[in-house]
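What follows is a set of notes on a single structure, which appears directly below.
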Amino acid sequence: MHLNTESGALRIGILGGTFDPIHLGHLIIADQARDQFDLDKILLIPSGHSYFKDNRAQKVLPAEIRYKMTELAAMDNPYFEVSDLEVTRPGNSYTYETIEAIAGALPEASLFFIAGADTVCSLHSWKYPERILKACTVLAAVREGQVQEDELERAALSLTEQFGARIRRLLIPSIDISSTDIRERAAQGKSIHYMVPDPVERYIIETGIYSSDPGIRDRSMSEGNSIF
């Protein structure tokens, strides 16, 4: 992480994810959070070992490749910064460790953890949710049809009563873009234009990282440039 630790009064949004690949939906959520909550900076944090997706048919790409795509996606936005906190951490990636590391580096900053409404509804089952909720305000990204309003209200109330959570609603437009669909389209040689930023599209096409040909895919990953 390369944040300026002297800028302690910042309001910092934190958006993590597998980012396999990062797409325009992720960036729109980040930008809406910045706009609606007057944030100074958005940290985009690609996950390290995505242990909860180990059984996925198409394995999650190596962290350095997902980090590279996230850097490409963020390069033209001065409010976005990419953090390597999770990709450089050995073993499983846990959100509480990431949040506490940022809070430790910037003790005077106000942290805002950006999460989908469905994630908020399951937050009680995460590892040490009380430590996450103590360190930051949660921005629940609400999109139409994703989660029932009463379900989110019950989850927010439970987290507030149990852990003293600070949860705010982040209103976002309906964005029908998914990383799964992008991977499948790329594997089939279909267009992913207007689904990912142009530099990410070029990277995916030029490297063939989602190619249906195992030889091309494996060669792309073995030739990938390390970020370390």
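The values are calculated or read from the model by the stated rules, or taken from the named source; none is laboratory data. Since the structure is predicted, the reported quantities are computational estimates derived from the model, not experimental observations. We place every Cβ from the backbone using ideal geometry, glycine too, and count neighbours over all the protein chains shown. Please note that ligands, DNA and RNA were not included when accessible areas were found on the heavy atoms of the full protein model with its side chains. Shrake-Rupley method; radii C 1.70, N 1.55, O 1.52, S 1.80 Å.
Listed values, structure above:
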quantity	calculated
Meets criteria (open to solvent by 60 Å² or more (accessible area, probe 1.4 Å) and assigned to a helix (DSSP H, G or I)) for Arg183	no
Unique residue being assigned to a loop (DSSP other than H, G, I, E, B) and of a type in the set (D, E, K, R) when the list is Asp20, Asp31	Asp20
Members of the stretch 70-111 found to be touching a Phe, Trp or Tyr at 6+ places or on another chain (Cβ under 6 Å) and closer than 18 Å to Asp35 by Cβ, listed by number	Ala74
Members of the stretch 199-228 that are at pLDDT below 70, open to solvent by 80 Å² or more (accessible area, probe 1.4 Å) and hydroxyl-bearing (Ser, Thr, Tyr)	Ser222
Residues of the stretch 153-189 classified as under 27 Å from Arg66 (Cα atoms) and of a type in the set (D, E, K, R), total	5
Qualifying residue in the stretch 134-150 (condition: in contact with a Lys or Arg (Cβ under 7 Å, 6 or more places away or on another chain), free of Cβ contacts under 8 Å to residues at least 40 places away in the same chain and loosely packed, with under 12 Cβ neighbours inside 10 Å)	no
Leading residue by the ranking (farthest from Asp40 (Cα to Cα)) among those in the stretch 111-133 that are among the small types (Gly, Ala, Ser) and surrounded by fewer than 17 Cβ atoms within 10 Å (Cβ to Cβ)	Ser125
Meets criteria (touching a strand residue (DSSP E or B) at 6+ places or on another chain (Cβ under 7 Å), modelled with pLDDT of 95 or more and either closer than 21 Å to Gly25 by Cα or among the hydrophobic types (A, V, I, L, M, F, W, C) (or both)) for Ile99	yes
Any hit, the stretch 173-184, residues being modelled with pLDDT of 95 or more and either more than 19 Å from the chain's Cα centre (by Cα) or closer than 24 Å to Asp38 by Cβ (or both)	yes
Residue that is farthest from Gly25 (Cα to Cα) [pool: residues in the stretch 78-94 that are out of contact with any strand residue (DSSP E or B) (no Cβ under 7 Å at 6 or more places or on another chain) and modelled with pLDDT under 95]	Pro90
